[in-house]
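Accompanying notes for the structure given below.
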Amino acid sequence: MKSAVETLNPTRVRLTVEVPFEELKDSLDAAYKKINQQVTVKGFRKGKIPARVIDQRFGRGAVLEEAVNDALPKFYTEAINEAELNPLGQPEVDITELKDGETLNFTAEVDIRPTIEIPDYSGIEVTVDAVEVSDEDIEKAVSDLRERFASTSPVERAAQDGDVVTIDLEAKVDGEVLEDGVAEGVSYTIGSGELLDGIDEAVKGLEAGGEATFTSQLKGGSAEGKDSEVTVKVTQVAARELPELDDDFAQLASEFDTLDELKADSRKRLENMKQFDQATQAQERVLDELLKITEVPIPEKLLADEIQTRKHNLEHHQLGQMGLDLAKYLEIQGKTQEEFDAETEEAAVKGIKTQFILDELVNKEKLNVNQEELTEHLVRRAASSGMSPDQFAQAVVEGGQVPMLVGEVARGKALAVVVEAAKVVDTNGEAVDLEDDEDEVEAAAETVEAVVDSGAEEKTEA
């Protein structure tokens, strides 16, 4: 077999392949054997029909077609490996010449991973938010915890902000009570904004037994989006009572003996959260800078497929679970179709560029993924999917997705390398030290996933 490569553009090549006919022998033998099992000829046992009889009865052309279909993938793969190409997707194959007993010639056009020159990324500089925890932050954290331990007790007075009322609801549209518009015994905290617009004003000032009617646009159900006349009846008013902020509360709400210890722990937790947010912010901004300084040609078909995949996943999975269609989603977001298309393409381009660049860095830096790193990543992915690690691992193995997970971890390690080399300072001008430890690598992998993932990674076909 002889092959030659013609570069059509930085992301697409044409292979020209010439195959001597003797190299088709195995495929021809397989073709005769296959046809033998599919047909019957009087006077011959099934599977024992001579090749010359098959040629006479069914035509040599049928045999050649079967043999060529069997042989093409093998010769295409040999040509790809010989040229050391990294193909993307399926090739477009054209048989240019087939002479029985002489030769098989064909061409194959296919998208390939572009050659990428990674620039010096040590000069990247980014600024991130400073890790600052104020006394107000601590007070809010403790206050939120206090809210969780609030108790309620019935009161004989008019309802007011913060009270928990038990109510019955009845919704009418065009004077008719909706089948799904009646609810009894609903518990509602005034001011929470968790039910209908206008309900706070309706129930405030009512005592148990009181009722009011108001108009509100329904947020769900059979008449979603329509204006409804809603009657609300208060059956109970209960006041929320917050526990005293003292050592007894600390012992009730935590493992600490004193309020001061609880506040100190809250400060530490908030600092850890802000440090994690700071690290994520650094990773995102360093990645953005790396994308800016690196030239990456994008294969047109790969981009079109990625855009289509992202739109499909949004419409048929995310929005479908929310009971929305694309038109309603765009209306809620206040976007036009053109704006949505532009944003989707921009995200797709960023995802492809990120994957190409970080994969190149993995090769350049000779980064490997060990079993411990893969296991840690698998456990996190399992948790985010709502599956147990064992269930997720089984699904990954059965779906042949282990290389995908390895790639995610490797890209995370590549981004961590770039972040470590970059200059990161906070808004106070202080240098931020982001060590390349396991936690940082896993956080970087998560950052990369958010950019790259469209529900289906780019597939490389060999």
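Using a 10 Å cut-off around each Cβ, can you sort Val409, Val369 from fewest to most neighbouring Cβ atoms? Walk me through the intermediate numbers first.
On the way: Val409 24, Val369 18.
Exposure proxy ranking, most exposed first: Val369, Val409.
With a cap of 14 neighbouring Cβ atoms within 10 Å, and only residues DSSP puts in a loop, list the trypsin sites (Lys or Arg not before Pro) found in region 345-427.
In loop regions of region 345-427 (DSSP not H, G, I, E or B), the sparsely surrounded trypsin sites (Lys or Arg not before Pro) are Lys366.
For Lys48, go through the lysines and keep the ones whose alpha-carbon is under 26 Å away, minus same-chain ones fewer than eight residues off.
Result set, ordered by chain and number: Lys25, Lys33, Lys34.
Determine the gain in length on full extension of the stretch Arg240-Glu339; use 0.36 nm per residue of separation and subtract their C-alpha separation, reporting nm with one decimal.
31.0 nm
Using unit Cβ charges (K, R positive; D, E negative) and no other charged atoms, how large, in debye to the nearest 20, is the dipole of region 2-112 about its Cα centre? Show your work: numbers first, answer last.
Numbers: 15 positive and 20 negative charges, 216 e Å.
With Lys and Arg at +1 and Asp and Glu at -1, about 1040 debye.
Could you please report the charge total around Phe106, scoring K, R as +1 and D, E as -1 over all other residues with beta-carbon less than 9 angstrom from its beta-carbon?
Residues close to Phe106 contribute a combined charge of -3.
What value, in deg cm²/dmol to 500, does the helix sum -39500 (n - 2.57) over DSSP H runs of n ≥ 4 give at 222 nm once divided by the residues of the chain?
-15500 deg cm²/dmol
Can you pull out the trypsin sites (Lys or Arg not before Pro) in region 6-68 that DSSP calls coil and that have at most 12 other Cβ atoms within 10 Å?
Here the sparse-neighbourhood loop sites are Lys42, Arg45, Lys46, Lys48.
Can you give the % of DSSP beta bridges in the chain that are antiparallel, to the nearest 5? Don't skip to the end; give the middle numbers.
Values: 54 of 58 bridges.
Taking every DSSP beta bridge with both residues in the chain, the antiparallel ones total about 95 percent.
Please order Leu218, Leu319 by the number of other Cβ within 10 Å, starting at the fewest. Don't skip to the answer; put the middle values down first.
On the way: Leu218 20, Leu319 15.
By the 10 Å Cβ count, ascending: Leu319, Leu218.
Once you have a ≥ b ≥ c as the square roots of the Cα gyration tensor eigenvalues for region 59-189, tell me rounded if a/c is under 1.5, and otherwise prolate or oblate according to whether a/b is larger than b/c.
Oblate.
Between Val186 and Thr215, what is the label-point separation in nm under the 7 Å Cα-to-beta-carbon projection?
For the pair Thr215/Val186, the computed spacing is 1.9 nm.
With a sphere of radius 10 Å drawn around the Cβ of Ala348, what net charge do the other residues whose Cβ falls strictly inside it have (Lys, Arg +1; Asp, Glu -1)?
-1
With N residues in the chain, what two-decimal value do you get for its Cα radius of gyration over 2.2 N^0.38 Å? Walk me through the numbers before you get to the answer.
Details: Rg = 33.0 Å, N = 462, 2.2 N^0.38 = 22.6 Å.
Dividing the Cα radius of gyration by 2.2 N^0.38 Å gives 1.46.
Based on the alpha-carbon gyration tensor of region 328-402 and its eigenvalue square roots a ≥ b ≥ c, which shape applies: rounded if a/c is under 1.5, prolate if not and a/b is larger than b/c, or oblate?
Cα axes put region 328-402 in the oblate bin.
Determine the relative contact order of region 127-276: mean sequence separation of Cα pairs under 8 Å and six or more apart, normalised by residue count, in whole percent.
On the way: 255 pairs, mean separation 44.4, N = 150.
Once divided by the residue count of region 127-276, the mean separation gives 30 percent.
Using the Cα centre of the chain as the reference point, and only Cβ charges (+1 on K/R, -1 on D/E), how large is the resulting charge dipole? Debye, rounded to the nearest 20.
Dipole of the chain, to the nearest 20 debye: 3500 debye.
So if R0 is 22 Å, what FRET efficiency would Ser143 and Asn272 give, r being the distance between their Cβ atoms, rounded to the nearest 0.05? Walk me through the numbers on the way to the answer.
Details: r = 20 Å, r/R0 = 0.89.
For R0 = 22 Å, the calculated efficiency reads 0.65.
Using the Cα centre of the chain as origin and beta-carbon charges of +1 (Lys, Arg) and -1 (Asp, Glu), tell me which of Ser151, Leu314, Ser134 is placed farthest towards the positive end of the dipole.
About the Cα centre, the residue reaching furthest to the positive side is Leu314.
Using a 10 Å cut-off around each Cβ, can you sort Asp70, Asp26 from fewest to most neighbouring Cβ atoms?
Asp26, Asp70
List the residues whose amide H sits under 5 Å from the amide H of Ala422, counting only those 5 or more places along or on another chain, with H placed 1.01 Å from N in the peptide plane.
The list, which skips near neighbours in sequence, is empty: none.
Which of Gln56, Val13, Phe106 sits farthest toward the positive end of the charge dipole of region 1-140, with +1 on the Cβ of Lys and Arg and -1 on the Cβ of Asp and Glu?
Gln56
Once the Cβ-Cβ distance between Phe256 and Arg157 is put in as r, and R0 is 35 Å, what FRET efficiency do you end up with, to the nearest 0.05? Write out the running numbers ahead of the final one.
Numbers: r = 36 Å, r/R0 = 1.04.
My answer for the efficiency is 0.45.
So how strong a dipole does region 259-452 carry about its Cα centre when Lys and Arg Cβ are +1 and Asp and Glu Cβ are -1, to the nearest 20 debye?
Details: 21 positive and 43 negative charges, 61 e Å.
That gives region 259-452 a dipole magnitude of about 300 debye.
Count charges around Ala422 for me, please; just the other residues with Cβ under 10 Å from its Cβ, Lys/Arg as +1, Asp/Glu as -1.
With Lys, Arg at +1 and Asp, Glu at -1, the net is -1.
On a 23 Å Cα-Cα criterion, which of the cross-link pairs Lys292/Lys413; Lys74/Lys99; Lys226/Lys311; Lys2/Lys353 come out too long?
Lys226/Lys311; Lys2/Lys353
Taking θ as phi - 60°, what are the ³J(HN,Hα) couplings along region 282-297 by the Karplus curve (6.51, -1.76, 1.60), each to the nearest whole Hz, with x for Gly and Pro?
Each residue of region 282-297 in turn: 4, 4, 5, 6, 5, 4, 4, 5, 4, 5, 5, 9, 10, 7, 9, x Hz.
Write down the radius of gyration of region 151-241 and its Dmax, each obtained from C-alpha positions, in Å.
12.9, 41
Bear in mind that the values in this text are calculations on the coordinates, not laboratory data. If you're wondering where the values come from, they're calculated on a predicted model, not measured in any experiment. Counting neighbours? That spans all protein chains shown, and the Cβs are built from the backbone with ideal geometry, glycine included.
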